[in-house]
Amino acid sequence: MSSEDLFRENAQLRECLARLVRVDEQGLLLDRTVFYPQGGGQAGDAGEFLLPDGAVLKIADTRKGAQAGEILHLPAAGQEALLALLSPGQALTARIDWARRHAHMRFHTATHLLCALVPHPVDGCSITAQYARLDFHMSEPLDKELLTAGLACLIAEAHPVRHRWISDAELDANPGLVRSMSVQPPRGTGQVRLLEIEGVDLQPCGGTHVANTAEIGALIVTKIEKKSAKTRRVVLGFAEPSEA
Ligand SMILES: [Zn+2]
């Protein structure tokens, strides 16, 4: 059974009521969740499940399950006694570690800004609560200070960030849309989730983002590495330590 993924429509949700569907060694499956499963370079959410009797189950990470649409919550170690008391059908409140998630959202949205500043294909991406890194397929050098200044500018300009779903048919009917995208959309699943940073970037993306670039706050390019003759890695960090 797939879980209703509430974070895709509203990334600002911090908690939700849900029912436990299954609990086994793979993890905990809920009927609906605000926990983002690791994917698209973005780390999974951590947090806690609040049980009706007041008990708190710590969740260390979130992954996609083997079945399409399954979201598995991985309990932190050492909670066997509490896990043994759980039973399918019971209600709970699922609450994410917001400081960690918001850091993911800020960094993730910033990687879209980087895509706009560095118009080269992306080879790899990793987004955590401490840093984000993006690998560009390019051989030209990049300037750390220039990129930091470019990001600061796009963040200060407070561009709205929004998503919409588009069908393959709509995509085919609007070739200009595909041309304006920094990443080619995947085909064949019927629906593509487009993430638009107004006036800056448009690309297919299933991750979680802030609602406005101003929400990203102060970031710096901490490192630029030449990973290979054809790869430049850009690493982002918070200008001030986050509360995470
Ligand atoms: Zn994204």
**Study point:** Protein accessible area in the chain, 1.4 Å probe - carbon and sulfur %
**Key:** 53 percent
Check your understanding: What does the highest-first list of 7-15, 211-219 look like by mean Cβ count within 10 Å?
Key -> 211-219, 7-15
Study note, to complete from the structure: Taking a straight Cα-to-Cα line shorter than 24 Å from LYS227, and setting aside same-chain lysines fewer than 8 residues away, one finds LYS144
Study note, to complete from the structure: For ASP97, the residues 5 or more places away or on another chain with a placed amide H closer than 5 Å to its own amide H are ALA46, GLY47, GLU48
**Study point:** Contact order normalised by residue count of segment 102-244, Cα under 8 Å, 6+ apart, percent
**Key:** 33 percent
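Residues of segment 4-96: accessible area per residue at 1.4 Å, in Å²?
Per residue, segment 4-96 has 48 Å² of solvent-accessible surface.
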Revision key, fill the gap. Helix-only [θ] at 222 nm, the chain, -39500 (n - 2.57) per DSSP H run of 4+, per residue, nearest 500, equals -6000 deg cm²/dmol
Check your understanding: For the peptides 45-53, 99-107, 26-34, 143-151, what is the packing order when you average, over each peptide's residues, the other Cβ atoms within 10 Å and list the highest mean first?
Key -> 99-107, 26-34, 45-53, 143-151
Review point. Using modelled backbone amide H atoms (1.01 Å from N, in-plane), which distant-in-sequence or interchain residues come within less than 5 Å of ARG32's amide H?
Key: GLU4, ARG19
Review point. With θ set to phi - 60° and the Karplus curve 6.51 cos²θ - 1.76 cosθ + 1.60, what are the ³J(HN,Hα) couplings of segment 46-62 in order, to the nearest whole Hz, using x for Gly and Pro?
Key: 10, x, 8, 9, 9, 9, x, 7, x, 5, 10, 9, 7, 9, 8, 6, 9
Check your understanding: Per-residue HN-Hα couplings for segment 85-94, Karplus 6.51 cos²θ - 1.76 cosθ + 1.60 at θ = phi - 60°, whole Hz, x for Gly and Pro?
Key -> 8, 6, 9, x, x, 6, 8, 7, 10, 9
Point to revise | Accessible area of segment 100-238 divided out per residue, in Å², using a probe of 1.4 angstrom | key: 45 Å²
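The values are calculated or read from the model by the stated rules, or taken from the named source; none is laboratory data. Just so we're clear, the structure is a prediction, and the values are computed from it rather than from any experiment. No Cβ is skipped: glycine too gets one built from the backbone with ideal geometry, and neighbour counts run over all protein chains shown. In case anyone asks, the SASA skips ligands and DNA or RNA and just uses the protein heavy atoms, side chains included. Shrake-Rupley method; radii C 1.70, N 1.55, O 1.52, S 1.80 Å.
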